[in-house]
Each structure stands twice: as C-alpha cells, then as structure tokens.
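Q: Shown below is the structure under consideration.
The values are calculated or read from the model by the stated rules, or taken from the named source; none is laboratory data. Here the structure is a predicted model, which means the values were calculated and not measured. Please note: Cβ atoms are built from the backbone with ideal geometry, for glycine as well, and neighbour counts cover all protein chains shown. Heavy atoms of the whole protein, side chains included, go into the accessibility calculation; ligands, DNA and RNA do not. Shrake-Rupley method; radii C 1.70, N 1.55, O 1.52, S 1.80 Å.
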Amino acid sequence: MIRKLNSADHHVVFSFLRQEPSLNLFIIGDIEAFGYEQEFQELWGDFDENGELRAVLLRFYDSYIPYASGEFDIEGFAKIMRHAAQPVRLSGKTELVAKFEPLLSLGKKRVTYFCECNEITFPEAENRYEIKQATIDDVDRILELRNRIAEFSVPPSSRDMLVKSLETNTGRVYYIEEDGRMVSSVATTAENTLSAMVVGVCTDPNDRHKGYASEIMKRVIEDYVRAGKTLCLFYDNPNAGRIYKRLGFYDIGMWTMYG
C-alpha cells in the first residue's frame, strides 16, 4: 500500500533510510530541513501487507528519488511520477531506478560512481589561495560562473534551490576569486546530521590547471570531517575520480540520473 508520509511516520522513515545513510543523504537531508508538509516537497511510503515500510519516494521540486531495500510497488511509484512534467527527472541507486525505465518517459541518462570520504588523509592545507564561503549575496555570481562552463546544466529552479540551501544551512558554497571575479567554486547540498553531498565543482575554463578546485576540496573535507560528517560525491570522469581518491574518497556504488 502506498500513502503520503507525514511527521507521525518520521521515526519509522529514518530507521528505514539509515540502512544506507550515504545513499539516502538527499532524502534524509530534505526531510530534516523541510519536513513533510511543504509545497515543493512530498514523500510517499510503500508498506507491505504487514504494515512494514519497504520503499520511499521523494519529490523535491520537479525531481524524484526512490529508495527501496527489496521488492516494492514499482508501478505504484511510477503512477505518481507520471503526473510530473515529462520527461521525468529521476535519480537514485542505479539498480533501483533502472526498474522504472520501461514504465516512464525519462530524460537523458547519466550513470556515475558514488563515493564517500570520512577522514582527512592529506597533509594540512597550505592556504595557497584565499578560500571564501559564499552568502546569499553571492548566489548570482555562483550561477554566472556555472553558466560559463559548457559541461554544466543550470535549470530554471537552480537559483531558488541554491538560495533555499544557504538559508536553511543544508548546503554551502566555497569559492576562490581573482580580481573580484569568481573563478572556482565547490558546493555542498543535502547537508544533514550525518553527511553532505559535494556538487558544483567547477573552474572557469580560462583559469584551469592552477589547483583551485583541489585546494577548495581540501578545505571542504577538513570542515566536514572535523564536524563528524561524511562527504559524498558523484563522478564519471576517471581523471576526476583519481583526484578525489587522492583526497580520501572511495567508491560505494553507482548512481543514475535521468533529466
């Protein structure tokens, strides 16, 4: 049986999601930050015949993330997502979201490695560059930098989501600037009591190969690990993967995004 989840389900939901806390950091982070009664966020649970929770589906704005530990009502979740704008923006564990491919109109598929870091394995940063932490006043500069990078997709909801993450302390942005111009940044999102996701690692094409992003990543790792939190990230570029692994990240699975 599928039904909407609410605050009365919180203990059961969190016990279920903690089975794989890093892979569920988006769902955990959004619940901790925004709860169950928001216009931009909805959660559904699929319960078996014994009333045990066996799957969760999150809608955050126009994106969906399912999680299940075994068999669940795939068609029931697909029916919910068919009411969304098409194609559906869907992401999750690769082996799980692949089950929706025959049932939904999905966007462009991207499969990435999912990795995490929970210890500092490099020497203390040398502070070669001044690394700043962004405020809401920097949001437009951050989006301007991302728009200068061909590999980046900046959907219309990006500004609202970035502002909300900074306002609610569910995300941070660290950056380096030269001559008053933002040249490199690293962001986190879905920050919760256990972990956070690294996103938006970017450097202006005209300012690459100077070590900017690596220096920012070290600062991010130091800040989060010292706070007792695990950092997670996606990568699909083997060269980037080697850089992240030198900084202490290791693979824990695969993640697929459609959209």
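Q: Do any residues in the stretch 42-67 that are among the aromatic types (Phe, Trp, Tyr) have Cβ atoms under 6 Å from those of residues that are in a strand (DSSP E or B), where the two are at least six apart or on different chains, and which pairs are they?
A: TRP44/ILE2; TRP44/LYS4; TRP44/LEU57; PHE47/LEU53; PHE60/GLN41; TYR64/LEU90; TYR67/VAL56
Q: Now a separate question. With the checklist (1) surrounded by fewer than 17 Cβ atoms within 10 Å (Cβ to Cβ); (2) in contact with a strand residue (DSSP E or B) (Cβ under 9 Å, 6 or more places away or on another chain); (3) hydroxyl-bearing (Ser, Thr, Tyr); (4) closer than 23 Å to ALA196 by Cα in hand, flag the one item SER63 doesn't pass.
A: Exception for SER63: condition (1).
Q: Let me spell it out: the conditions are (1) open to solvent by less than 30 Å² (accessible area, probe 1.4 Å); (2) within 20 Å of PHE14 (Cα to Cα); (3) assigned to a helix (DSSP H, G or I), and ALA78 meets all of them except one. Which number is the exception?
A: Every condition holds for ALA78 apart from (2).
Q: Right, here's the next one. Looking at the stretch 172-194, which of its residues are under 13 Å from the mean Cα position of the chain (by Cα), at pLDDT 95 or above and either open to solvent by 10 Å² or more (accessible area, probe 1.4 Å) or of a type outside the set (A, V, I, L, M) (or both)?
A: ARG172, THR188
Q: Another one. Looking at (1) exposed (fewer than 15 other Cβ atoms within 10 Å of the Cβ); (2) part of a loop (DSSP other than H, G, I, E, B); (3) at pLDDT 95 or above, can you tell me which one ASP251 breaks?
A: Only one criterion is unmet by ASP251, namely (2).
Q: Would you check if GLU144 is touching a residue at least 12 places away in the same chain (Cβ under 8 Å) and of a type in the set (Asp, Glu)?
A: yes
Q: Give the stretch 78-88 a look and list any residue that's touching an Asp or Glu at 6+ places or on another chain (Cβ under 7 Å) and within 10 Å of LEU104 (Cβ to Cβ), or say none.
A: ALA84
Q: Do you know which residues across the stretch 199-214 are touching a helix residue (DSSP H, G or I) at 6+ places or on another chain (Cβ under 7 Å) and open to solvent by 30 Å² or more (accessible area, probe 1.4 Å)?
A: Answer for the stretch 199-214, where residues must be touching a helix residue (DSSP H, G or I) at 6+ places or on another chain (Cβ under 7 Å) and open to solvent by 30 Å² or more (accessible area, probe 1.4 Å): VAL201, SER214.
Q: Applying the selection to the stretch 111-165, what residues are of a type in the set (Phe, Trp, Tyr) and either surrounded by fewer than 17 Cβ atoms within 10 Å (Cβ to Cβ) or out of contact with any helix residue (DSSP H, G or I) (no Cβ under 8 Å at 6 or more places or on another chain) (or both)?
A: Listed by number, the residues that qualify are PHE114, PHE122, PHE152.
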